[in-house]
1. Might you report the magnitude of the Cβ-based charge dipole of the chain about its Cα centre, with Lys and Arg at +1 and Asp and Glu at -1, to the nearest 20 debye?
2. Using a Gaussian network model of the chain whose springs link C-alpha atoms within less than 10 Å, name the residue from L29, L69, L17 with the highest mean-square fluctuation.
3. Setting aside same-chain residues fewer than 8 positions from K90, which lysines have a Cα under 22 Å from its Cα?
4. Evaluate E = 1/(1 + (r/R0)^6) for Q46 and E83, where r is the Cβ-Cβ distance and R0 equals 30 Å; express this FRET efficiency to the nearest 0.05.
5. Starting from 0.36 nm per residue, how many nanometres of slack lie between Y33 and T71 once their C-alpha separation is accounted for?
6. Top mean-square fluctuation among R61, R79, R21, Gaussian network model of the chain, C-alpha springs under 10 Å?
7. Which percent of the accessible area of the stretch 25-93 is formed by carbon and sulfur heavy atoms (probe 1.4 angstrom)?
8. What list of ³J(HN,Hα) values in whole Hz, one per residue of the stretch 24-36 in order, does the Karplus curve 6.51 cos²θ - 1.76 cosθ + 1.60 (θ = phi - 60°) give from phi, with Gly and Pro shown as x?
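The values are calculated or read from the model by the stated rules, or taken from the named source; none is laboratory data. In this text, all values refer to a predicted model and were calculated from it rather than measured experimentally. Cβ placement follows ideal geometry from the backbone for every residue including glycine, while neighbour counts extend to all protein chains displayed. Just so you know, the surface numbers come from the protein's heavy atoms only, side chains and all, with ligands and any DNA or RNA stripped out. Shrake-Rupley method; radii C 1.70, N 1.55, O 1.52, S 1.80 Å.
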Amino acid sequence: MPKRKRRSAQFKFKVALEAARGTKTLSELSSEYEVHPSQISEWKSQLLKDGASIFSTNTARQQRDQETLQTELYEQIGRLKMELEWLKKKAAQ
(Lines give C-alpha, C1' and ligand atoms only; values in the text may rest on other atoms or scores of the structure.)
Protein backbone atom coordinates (compact mmCIF):
# COMPACT_ATOMS: atom_id res chain seq x y z
CA MET A 1 0.00 0.00 0.00
CA PRO A 2 1.53 3.35 -0.99
CA LYS A 3 2.28 5.84 1.73
CA ARG A 4 0.15 9.00 1.74
CA LYS A 5 1.83 12.25 0.85
CA ARG A 6 1.68 15.02 3.39
CA ARG A 7 0.89 18.31 1.77
CA SER A 8 1.80 21.63 3.33
CA ALA A 9 -0.86 24.18 4.17
CA GLN A 10 0.68 26.53 1.63
CA PHE A 11 0.36 23.91 -1.13
CA LYS A 12 -3.25 23.20 -0.22
CA PHE A 13 -4.05 26.90 -0.21
CA LYS A 14 -2.42 27.38 -3.61
CA VAL A 15 -4.36 24.50 -5.20
CA ALA A 16 -7.65 25.49 -3.54
CA LEU A 17 -7.24 29.09 -4.66
CA GLU A 18 -6.67 28.01 -8.26
CA ALA A 19 -9.75 25.80 -8.05
CA ALA A 20 -11.79 28.70 -6.66
CA ARG A 21 -10.65 30.97 -9.49
CA GLY A 22 -12.04 28.48 -12.00
CA THR A 23 -9.44 29.14 -14.68
CA LYS A 24 -8.72 25.41 -14.94
CA THR A 25 -10.93 22.37 -14.51
CA LEU A 26 -10.53 19.99 -11.60
CA SER A 27 -9.10 17.40 -13.99
CA GLU A 28 -6.44 19.80 -15.18
CA LEU A 29 -5.53 20.79 -11.63
CA SER A 30 -5.52 17.16 -10.59
CA SER A 31 -3.03 16.13 -13.25
CA GLU A 32 -0.92 19.25 -12.76
CA TYR A 33 -0.54 18.88 -8.98
CA GLU A 34 -0.96 15.08 -8.77
CA VAL A 35 -3.87 15.32 -6.33
CA HIS A 36 -7.23 13.56 -6.61
CA PRO A 37 -10.04 15.84 -7.88
CA SER A 38 -12.24 15.12 -4.85
CA GLN A 39 -9.40 16.25 -2.57
CA ILE A 40 -9.11 19.49 -4.52
CA SER A 41 -12.87 20.01 -4.18
CA GLU A 42 -12.63 19.44 -0.43
CA TRP A 43 -9.80 21.95 -0.08
CA LYS A 44 -11.72 24.45 -2.19
CA SER A 45 -14.89 24.15 -0.09
CA GLN A 46 -12.82 24.45 3.09
CA LEU A 47 -11.16 27.59 1.73
CA LEU A 48 -14.49 29.15 0.81
CA LYS A 49 -16.05 28.21 4.15
CA ASP A 50 -13.16 29.21 6.44
CA GLY A 51 -11.57 31.93 4.32
CA ALA A 52 -12.95 34.76 6.44
CA SER A 53 -11.14 33.43 9.51
CA ILE A 54 -7.82 34.35 7.89
CA PHE A 55 -8.57 38.00 8.54
CA SER A 56 -10.01 37.57 12.01
CA THR A 57 -7.94 38.43 15.06
CA ASN A 58 -8.85 35.26 16.94
CA THR A 59 -7.61 32.34 14.86
CA ALA A 60 -8.90 28.82 15.25
CA ARG A 61 -5.74 27.68 17.04
CA GLN A 62 -5.98 30.49 19.58
CA GLN A 63 -9.63 29.66 20.14
CA ARG A 64 -8.83 25.97 20.71
CA ASP A 65 -6.04 26.89 23.13
CA GLN A 66 -8.41 29.19 25.01
CA GLU A 67 -11.08 26.47 25.23
CA THR A 68 -8.50 23.96 26.50
CA LEU A 69 -7.31 26.40 29.15
CA GLN A 70 -10.89 27.12 30.17
CA THR A 71 -11.63 23.40 30.52
CA GLU A 72 -8.53 22.87 32.66
CA LEU A 73 -9.46 25.79 34.90
CA TYR A 74 -13.02 24.50 35.40
CA GLU A 75 -11.62 21.09 36.34
CA GLN A 76 -9.27 22.71 38.84
CA ILE A 77 -12.17 24.71 40.33
CA GLY A 78 -14.13 21.49 40.74
CA ARG A 79 -11.24 19.74 42.48
CA LEU A 80 -10.68 22.69 44.81
CA LYS A 81 -14.38 22.84 45.72
CA MET A 82 -14.38 19.14 46.57
CA GLU A 83 -11.23 19.56 48.65
CA LEU A 84 -12.75 22.54 50.47
CA GLU A 85 -15.91 20.58 51.29
CA TRP A 86 -13.81 17.67 52.56
CA LEU A 87 -11.75 20.00 54.75
CA LYS A 88 -14.92 21.63 56.14
CA LYS A 89 -16.28 18.19 57.09
CA LYS A 90 -12.97 17.23 58.71
CA ALA A 91 -12.79 20.49 60.68
CA ALA A 92 -16.39 20.10 61.88
CA GLN A 93 -15.68 16.69 63.46
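1. 240 debye
2. Its mean-square fluctuation being the largest, the pick is L69.
3. K81
4. Working: r = 45 Å, r/R0 = 1.49.
It comes out at approximately 0.10.
5. On the way: separation 38, 0.36 × 38 = 13.68 nm, distance 4.13 nm.
Here the answer is 9.6 nm.
6. R79
7. Numbers: 3370 of 6090 Å².
The C+S portion of the solvent-accessible surface of the stretch 25-93 is 55 percent.
8. 10, 6, 4, 5, 5, 5, 4, 6, 5, 9, 6, 10, 5
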